[in-house]
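The numbers here are math on the coordinates, done by the rules we state, and not lab data. All figures in this text were calculated on a predicted structure; none of them were measured in a lab. Cβ: placed from backbone, ideal geometry, glycine included. Neighbour counts: every protein chain shown.
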Amino acid sequence: MFKIRRGPLAIFGLFTAGMLILLGCAGGGDQKSNTEEPAKAYEVGDTVEYKGHTMVLNSVVREKDIYLVLNLTINNTGTKNFDVAPETLLKVDDGQGRQGEFYNYYVYGKDSLGGTLRPGESMTGKTAFKIAPDATGIKIYYQPPGEAKVMFETGL
């Protein structure tokens, strides 16, 4: 008959495995989904006011059936610099669960939106997304870090 020895290393291994299992089962909880619909829908031309900045979606144009070109104005009303990075602030959804691909190369140049706004500064520029040719019901989502997400109905 064999005698099983349980040394300190074996006990430590069992303890570690048990803790990993418990930690793995403890995740999730009441975390809010990033896909929740915003409380209010805005229209093109509306001003959205945030703590420290305002944003206006001036126009939305579909070009060559696969590009959605957005023209925005962002005004820094706060006391700190505000980084304008369209690839993180904006999302496009075609109403069929497909996300538009950030494609700023389409509007690259002096009219493209992006950079840092100092307090009191304003920026107007364009950014673009590549979308499916058959996309309809397009919605644009804007969400600065730590702020509420808003939605714009485009009518496209």
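Quick look at the numbers
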item	result
Three-way shape label, segment 36-156, alpha-carbon gyration tensor, a/c 1.5	oblate
Electrostatic dipole magnitude of segment 41-153 [Cβ: Lys, Arg +1; Asp, Glu -1; Cα centre; debye, to 20]	260 debye
Lysines whose Cα lies under 20 Å from that of residue 40, excluding same-chain neighbours fewer than 8 positions away	32, 51, 91, 139, 149
Surrounding net charge for residue 134, when Lys and Arg each add one and Asp and Glu each subtract one, Cβ distance under 10 Å	-1
Sparsely packed trypsin sites (Lys or Arg not before Pro) within segment 70-156, loop by DSSP, other Cβ within 10 Å at most 11	80, 110
Set of segment 62-91 residues, backbone N closer than 13 Å to the point 7 Å along the Cα-Cβ line of residue 47	73-77
13 Å beta-carbon shell around residue 62, net charge (K/R +1, D/E -1)	-2
